[in-house]
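Structure, as structure tokens:
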Amino acid sequence: MALEELKKRQDMEEAIDLIISKTQVTEEKPSVITPDFIIDFFDKERETVVVKRPKKRVIAQEYESEISVKEKGDITNKSFSQGNIEGFIKYFNNRYERLASILQDRNNLKDSTSIETVKSTRTQDVKIIGIVNEIRKSQKGHVILDIEDPTGIISVLVSNSNFELLKVSKSIVRDEVIGVEGKMWNDLVIANEIHFPDLPISREIKRSEVPVAAALISDVHAGSTKFLEKEFLQFIRWIGGELGTKKQRQLSEKVKYIIIGGDLVDGVGIYPGQENELVIKDIHEQYKKVAEFLKLVPEHIEIIVMPGNHDATRQAEPQPAILEEFAPLFYDDPRIHMVGNPCHVNLHGVDILSYHGRSLDDIISTIPDTSYSRPIEAMLEVLKKRHLAPIYGGKVPITPEGFDYMLIEEVPDIVHFGHVHTVGVDNYRGTILVNSGTFQTQTSFQRKLNMRPDPARVPIIDLQEKSTTLMRFIH
Ligand code: D5M
Ligand code: FE
Ligand code: ZN
């Protein structure tokens, strides 16, 4: 009667072959082939077939990618720096003109005048816009700012009795562009108000029309002994829909983009004694390691790769994309987009400004009340100044290009930084601020500085809902 059961199968010969081949390797091979055995066998086969069926399409696969990198904001393949005094002057003129024009758009600075006019006409009320040349404190506790525009330089005094303005003046840094309202007193301007270019108070919120999300990461530091390889793989597996609660998997289905904000690898020769903290001592091999991980990311996801200070490209900012000779596998993969630092990427109509964030070291060491443990506060300062690296000649090496790439001219919908290895998410005047943390645990250097990284946490931004979820891949 087993034969009757077999005959019911569409292709009897194939069915027999299948039974023979499969039963040879199992322990269930019965001495007599019964009808029940055949029914049972094909039931089990069916279960196996279900598992082998191609994975169901996820949400992000249903939509075409919409990605554009703003050419004008990316230094890759076009550094014109003259590296001389003229280049330097051109750079600061460009910075001044573009930031002054943002400040002039504000109602209270529309009628600002040049510093030369202030000096020559000796009017009582003064409104000026200038670059902060120097900041000093007088013996009596007044703050004195030397402000310069293309026509001249003037000293602005913030009185020791004006507590509110003194507080504001604490966040002023050298080389930024500010607006000042005040009154003349001898050769000094006594400041009443100080204005930063800042973001507009309100504007239209831009969203994607389709339900897609972006995962923002940075500071992977592959090659380092402190690289959290297991946790990074968990992240990749979550992206692939293999891990997480139902809700977390639903979110992973929307992920269509991964932006990597620099420090993909630990590099070599970045700091003294680094060789003792490297498991992979060849930078090509370090990039190969990252490429192997990225190969596991589902095909429909686009990956944007920006350099940081540990990556293989010039150190001075703006940085061109990671060089092909060090990371050829990245250039071979059509869904990997190699961009410079900083870069402006538009995804489904949403503007994202990504910057590695090295200037945060200068901001945190200069502005009181900013710290490595709360990166958003330092990022806010940068945003209000509408400049990613306002302090020239600090820890961040800046190449004086004729065009200031570090200026935040258009208001971004999302600002993505890394570098400080701590995570932060916030919203300021309609702009989402993210620091994407790291996949590296504390290094010996960071231990000496008492810097505590917050590793293996990844902000995911739903570009349609404009909401952020902070995933954790570490216990
Ligand atoms: O930097 C990660 C963080 O650690 C960042 O906030 C700077 C700090 N850091 C690391 N190395 C140094 C040195 N040598 N000097 C000053 N600050 C440092 P990352 O660039 O990711 O290593
Ligand atoms: Fe880093
Ligand atoms: Zn860094």
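The values are calculated or read from the model by the stated rules, or taken from the named source; none is laboratory data. In this text, all values refer to a predicted model and were calculated from it rather than measured experimentally. Ideal geometry is used to build each Cβ from the backbone, glycine not excepted, and the neighbour counts take in all protein chains shown. Ligands, DNA and RNA are excluded from the accessible area calculation, which covers all protein heavy atoms including side chains. Shrake-Rupley method; radii C 1.70, N 1.55, O 1.52, S 1.80 Å.
Residues of the range 255-283 being of a type outside the set (Val, Ile, Thr) and part of a loop (DSSP other than H, G, I, E, B), which ones?
Of everything in the range 255-283, those that are of a type outside the set (Val, Ile, Thr) and part of a loop (DSSP other than H, G, I, E, B) turn out to be Gly262, Asp263, Leu264, Asp266, Gly267, Gly269, Tyr271, Pro272, Gly273, Lys281, Asp282.
For every residue, the table says whether it meets (1) within 16 Å of ligand 1 (Cβ to nearest atom); (2) polar (S, T, N, Q); (3) in a loop (DSSP other than H, G, I, E, B).
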position	(1), (2), (3)
Ala214	no, no, no
Asp219	yes, no, yes
Lys230	no, no, no
Leu233	no, no, no
Arg237	no, no, no
Gly241	no, no, yes
Gln250	no, yes, no
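Of all residues in the range 353-372, which are open to solvent by 20 Å² or more (accessible area, probe 1.4 Å) and within 16 Å of ligand 2 (Cβ to nearest atom)?
Listed by number, the residues that qualify are Arg358, Asp361, Ile364, Tyr372.
What do you reckon, is Glu401 open to solvent by less than 10 Å² (accessible area, probe 1.4 Å) and away from ligand 3 (no atom under 16 Å from the Cβ)?
yes
Considering each of Val415, Val420, Val425 in turn, give the residue that is more than 15 Å from ligand 3 (Cβ to nearest atom), in the same structural domain as Lys466 (by TED's automatic domain parsing) and crowded, with 24+ Cβ neighbours inside 10 Å.
Only one candidate passes the filter, namely Val415.
Answer with yes or no whether Ser161 is part of a loop (DSSP other than H, G, I, E, B) and either open to solvent by 20 Å² or more (accessible area, probe 1.4 Å) or in contact (Cβ under 8 Å) with a residue 40 or more places away in the chain (or both).
Judged against the criteria, Ser161 is a match.
May I ask you to list the residues in the range 308-352 that are within 16 Å of ligand 1 (Cβ to nearest atom), of a type in the set (A, V, I, L, M) and crowded, with 22+ Cβ neighbours inside 10 Å?
Of everything in the range 308-352, just one residue is within 16 Å of ligand 1 (Cβ to nearest atom), of a type in the set (A, V, I, L, M) and crowded, with 22+ Cβ neighbours inside 10 Å, namely Ile322.
Considering only residues of the range 118-144 that are among the aliphatic types (A, V, I, L, M) and closer than 19 Å to Arg106 by Cβ, which is surrounded by the fewest Cβ atoms within 10 Å (Cβ to Cβ)?
Of everything passing the filter in the range 118-144, Val132 is surrounded by the fewest Cβ atoms within 10 Å (Cβ to Cβ).
Output the residues belonging to the range 422-461 that are closer than 18 Å to Glu381 by Cα and within 11 Å of ligand 1 (Cβ to nearest atom).
Within the range 422-461, Thr422, Asn435 qualify.
Could you check how many residues of the range 433-468 are closer than 25 Å to Ile201 by Cα and open to solvent by 10 Å² or more (accessible area, probe 1.4 Å)?
Counting residues in the range 433-468 that are closer than 25 Å to Ile201 by Cα and open to solvent by 10 Å² or more (accessible area, probe 1.4 Å) gives 5.
Taking Asp146, is it within 17 Å of Ile391 (Cα to Cα), under 37 Å from the mean Cα position of the chain (by Cα), in a loop (DSSP other than H, G, I, E, B) and outside the structural domain of Gly393 (by TED's automatic domain parsing)?
Against the criterion (within 17 Å of Ile391 (Cα to Cα), under 37 Å from the mean Cα position of the chain (by Cα), in a loop (DSSP other than H, G, I, E, B) and outside the structural domain of Gly393 (by TED's automatic domain parsing)), Asp146 does not qualify.
Filter the range 373-396 down to the residues that are within 15 Å of ligand 1 (Cβ to nearest atom) and either open to solvent by 50 Å² or more (accessible area, probe 1.4 Å) or touching a His at 6+ places or on another chain (Cβ under 8 Å) (or both) and list them by number.
Ser373, Arg374, Glu377, Lys395
Quick one: is Gln286 within 16 Å of ligand 1 (Cβ to nearest atom) and assigned to a helix (DSSP H, G or I)?
For Gln286, the condition - within 16 Å of ligand 1 (Cβ to nearest atom) and assigned to a helix (DSSP H, G or I) - is met.
So which of Lys167, Lys247, Lys254 ends up being under 20 Å from the mean Cα position of the chain (by Cα) and on the phi < 0 side of the Ramachandran plot?
Selected residue: Lys254, the only one of Lys167, Lys247, Lys254 that is under 20 Å from the mean Cα position of the chain (by Cα) and on the phi < 0 side of the Ramachandran plot.
I'd like the full set of residues that are outside any loop (DSSP other than H, G, I, E, B) and open to solvent by less than 10 Å² (accessible area, probe 1.4 Å), limited to the range 183-212.
Val189, Ala191
Go through the range 169-182 and count every residue that is under 19 Å from Gly141 (Cα atoms) and in a strand (DSSP E or B).
Count: 1.
How many residues are within 15 Å of ligand 3 (Cβ to nearest atom) and open to solvent by 30 Å² or more (accessible area, probe 1.4 Å) if we restrict to the range 270-307?
Of the residues in the range 270-307, 2 are within 15 Å of ligand 3 (Cβ to nearest atom) and open to solvent by 30 Å² or more (accessible area, probe 1.4 Å).
Of all residues in the range 428-448, which are away from ligand 3 (no atom under 14 Å from the Cβ), out of contact with any helix residue (DSSP H, G or I) (no Cβ under 7 Å at 6 or more places or on another chain) and of a type in the set (A, V, I, L, M, F, W, C)?
Within the range 428-448, Ile432, Val434 qualify.
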